[in-house]
Amino acid sequence: KNKIMYRFQPLKNALQRVTPSSITTKFSSSSSTDFVAALAPRLIDHLKTGHEKPVVKFKSPPELYEHFRQIGVPLEIGNTNKPFNNEDLLRACETVLDQSVNTTSPMFNNQLYGTADPIGIGGDWLVSVLNANSHTFEVAPVFTLIEIELLSKLSNLLGGDFSGKSEGLFVPGGAISNLYALQLARY
């Protein structure tokens, strides 16, 4: 035990010198938060006015590459590209909004998904800002409890033997759901 503690003593000493003010984060400069503050109204405007715009302004891949080059933010990722400033990134974001399929249009119909729900978008933004995982209660106490309550609600909706005594988990997509189903089917 002492041998293990001795090996970690330099790390322990270094960590004791670290304070929140000694760590520079990407949010310590106002530039990053200024970018988010400038982007948010554009996204909200897209939600409010998207239904007035066409479903798609189709361009071929070469046309899209050229369009991004013309606004000064090429899509190609190379070793010689300079970092982009906030104005460049905002132009790129506006172009992405303009050139993407407009799912807020009432004319948008897809077999797999539909228009984004504004409440869902708010939840998505909240989760993105927190950047949390839900693998344990310690790292996501609120999200863990929300998952438990949602699973309880779903089991009550199913009724019968499921009612109030089912366990489960939410997964991020169909592929992992199918893999879990295959594993469960083996037993």
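Observations on the structure shown:
- Were the residues from Leu43 through Glu149 laid out at 0.36 nm apart, the gain over their Cα-Cα distance would be 35.1 nm.
- Met107-Leu158 pseudo-label distance in nm [points 7 Å out on the Cα-to-Cβ vector]: 4.2 nm
- Qualifying GluC sites (Glu not before Pro) for the range 91-187 [loop in DSSP, other Cβ within 10 Å: at most 14]: Glu138, Glu167
- Subtracting the Cα-Cα distance of Lys165 and Val56 from their residue separation scaled by 0.36 nm leaves 34.6 nm.
- Taking a quarter of the surface of the Cα convex hull of the range 40-187 gives a mean projected area of 14.0 nm².
- Förster radius 41 Å - calculated FRET efficiency between Thr115 and Arg186 (Cβ-Cβ, nearest 0.05): 0.60
- For the range 33-91, applying the loop criterion from DSSP together with a ceiling of 14 other beta carbons within 10 Å to the trypsin sites (Lys or Arg not before Pro) yields Lys57, Lys59.
- Label point 7 Å beyond Cα of Ser100 along Cβ direction - residues of the range 31-48 with amide nitrogen under 15 Å: 39-48
- Of all aspartates and glutamates in the structure, those lying under 19 Å Cα to Cα from Lys153, and not within fewer than 8 positions of it along the same chain, are Asp161, Glu167.
- Of all aspartates and glutamates in the structure, the ones whose alpha carbon falls short of 13 Å from that of Lys48, not counting any fewer than 8 places away in one chain, are Asp117.
- Cross-link reach list, aspartates and glutamates versus Lys82, counting only Cα pairs under 19 Å and skipping chain neighbours closer than eight places: Glu66
All of the numbers you see were taken from the coordinates with simple rules; none came from a lab. None of the values given here were measured: they were computed from a predicted structure. Quick reminder, even Gly has a Cβ in these numbers, built from the backbone with ideal geometry, and neighbours come from all protein chains shown.
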